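**Q** Once you've had a glance at the structure underneath, I'll fire off some questions.
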Amino acid sequence: MKESTEQVYRQRILRVQMYIQQNLDRDLPLEELARESYFSEYHFHRIFRAVVGEPLKEHIRRLRLERAASHLKHTNNSIINIAFDAGYQTHEAFTRAFKAAFGCSPSDFRSDNGAAVQQQNVANIDESNTVNGDIPMKVEIKNIEKMCVAFVRHVGPYDQVGEAWDRLCMTLGKAGYLGSGSQFIGISYDDPDVTAPEKIRYDACITVDDSFEPEGDVAVQTIGGGEYAVTTHFGPYSELSQTYRRLFGQWLIQSGREPGSEPCIEFYLNDPDSTEPEDLLTDICLPLKPK
């Protein structure tokens, strides 16, 4: 089935968004991003803004600041190093930009939401060693091989991702790509405590082989590759954030490891349509920088 012009444009811009996410740690010249989109530099800006809803520079700046806010919350990295990672050369420039985005300075944000609260939680031995209240948190370092996945992107609150899954499963089911070996995976790009609900990004993914061809709003990407800290969440998807907070706020800051720049991956280990919410199992995988 021939794709519409709108679908082609959206696929190209989605490719650029993924490229930006993978390269937030370095300069991203306009000509490089335009080349990834297969649009000319003259038209790329306008097309990007029309599809994404915000200018290119603002999009990149927002992602870097939101990542910085997450690092302030979940790591003990110095504020100046976090500023450098976000592309700011001075503490003052970073503070101005951060305050404009979040309404407070980086140090106040960390005090209110980050390391101080995390350290207090770590002091509580019973709480720091549990997930969902009473199950010991077990974290393993695993190497996750690269995987090819078909996916549909959802933009909006995490509790509204069902439509993306419906579209993905319908397309792959018709094409005969759903089988016993299929893995159902979610990619959660944004921290809902930091990113505005209407800008949260999530990819509903199912593993496919290299022969799969994108169709409509179903695209293809490669995920994984490298070391991940993996813990299992027991219970409803609506409570995933609790396990994320413990994984970042308690395990990570004591582990001696640094989080990678890639997004977290969620492996859904049983079927939500035939499993009671309290019996759902989800592996949460946090990417780690090499030692």
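The values are calculated or read from the model by the stated rules, or taken from the named source; none is laboratory data. Note that the structure is predicted; figures quoted are calculated from it, not measured. Backbone-built Cβ (ideal geometry, glycine too); neighbour counts: all protein chains shown. Areas reflect the complete protein model, heavy atoms only, side chains present, ligands, DNA and RNA absent. Shrake-Rupley method; radii C 1.70, N 1.55, O 1.52, S 1.80 Å.
**Q** Looking at the range 12-48, which of its residues are among the polar types (S, T, N, Q), under 26 Å from Gln89 (Cβ atoms), assigned to a helix (DSSP H, G or I) and open to solvent by less than 90 Å² (accessible area, probe 1.4 Å)?
**A** Gln17, Gln21
**Q** Restricting the range 168-186 to residues that are open to solvent by 20 Å² or more (accessible area, probe 1.4 Å) and not in a loop (DSSP other than H, G, I, E, B), which is nearest to Cys285 (Cα to Cα)?
**A** Phe184
**Q** Okay, next question. What number goes with the only condition from (1) without any contact (Cβ under 8 Å) to a residue 40 or more places away in the chain; (2) open to solvent by less than 70 Å² (accessible area, probe 1.4 Å); (3) in a helix (DSSP H, G or I) that Glu6 does not pass?
**A** Unmet condition: (2).
**Q** I'd like to check something: does the range 187-205 contain any residue that is modelled with pLDDT of 90 or more, of a type outside the set (A, V, I, L, M), part of a loop (DSSP other than H, G, I, E, B) and open to solvent by 40 Å² or more (accessible area, probe 1.4 Å)?
**A** no
**Q** Suppose the filter is surrounded by 14 or more Cβ atoms within 10 Å (Cβ to Cβ), assigned to a helix (DSSP H, G or I) and basic (Lys, Arg); does Arg257 pass it?
**A** No.
**Q** Working only within the range 72-92, note down all residues that are in a loop (DSSP other than H, G, I, E, B) and buried (at least 20 other Cβ atoms within 10 Å of the Cβ).
**A** Thr75, Ala86, Tyr88
**Q** With respect to Gly235, determine if the residue is out of contact with any helix residue (DSSP H, G or I) (no Cβ under 9 Å at 6 or more places or on another chain) and within 22 Å of Ala204 (Cα to Cα).
**A** So Gly235 does not fit the description; no.
**Q** Another question, then. Could you tell me which of the residues Val220, Val230 is among the β-branched types (Val, Ile, Thr), open to solvent by 30 Å² or more (accessible area, probe 1.4 Å) and out of contact with any Ser or Thr (no Cβ under 8 Å at 6 or more places or on another chain)?
**A** It is Val220.
**Q** So which residues in the range 234-250 are surrounded by 20 or more Cβ atoms within 10 Å (Cβ to Cβ) and either among the aromatic types (Phe, Trp, Tyr) or on the phi < 0 side of the Ramachandran plot (or both), if there are any at all?
**A** Thr243, Tyr244, Arg246, Leu247, Phe248, Gly249, Gln250
**Q** Only one of Phe212, Phe248, Phe234, Phe267 is modelled with pLDDT of 95 or more and of a type in the set (Phe, Trp, Tyr). Can you tell me which?
**A** After ruling out the rest, the residue left standing is Phe267.
**Q** Would you confirm, using the coordinates I've provided, whether Glu163 is touching a residue at least 60 places away in the same chain (Cβ under 8 Å) and either out of contact with any strand residue (DSSP E or B) (no Cβ under 9 Å at 6 or more places or on another chain) or open to solvent by 30 Å² or more (accessible area, probe 1.4 Å) (or both)?
**A** no
**Q** Kindly list, by first and then second residue, each pair from a residue in the range 200-221 that is without any contact (Cβ under 8 Å) to a residue 12 or more places away in the chain and within 15 Å of Glu163 (Cα to Cα) to a residue that is open to solvent by less than 50 Å² (accessible area, probe 1.4 Å) and among the β-branched types (Val, Ile, Thr), limited to pairs with Cβ atoms under 9 Å and residues at least 6 apart or on different chains.
**A** none
**Q** Between a residue in the range 278-289 that is in contact (Cβ under 8 Å) with a residue 24 or more places away in the chain and any residue that is small (Gly, Ala, Ser) and open to solvent by less than 30 Å² (accessible area, probe 1.4 Å), which pairs come within a Cβ distance under 7 Å, given they are 6 or more apart or on different chains?
**A** These pairs meet every condition: Glu278/Gly235; Leu280/Gly235; Leu286/Ala229; Pro287/Gly226; Pro287/Gly260; Leu288/Ala229; Leu288/Gly260; Lys289/Gly260.
**Q** Let me ask you something else. Would you check which residues across the range 102-148 are open to solvent by 80 Å² or more (accessible area, probe 1.4 Å), under 21 Å from Tyr228 (Cα atoms) and modelled with pLDDT under 50 and list them?
**A** Asn129
**Q** Please pick out the residue among Asp190, Asp217 that is closer than 26 Å to Val8 by Cα and within 16 Å of the chain's Cα centre (by Cα).
**A** Answer to the check: Asp190.
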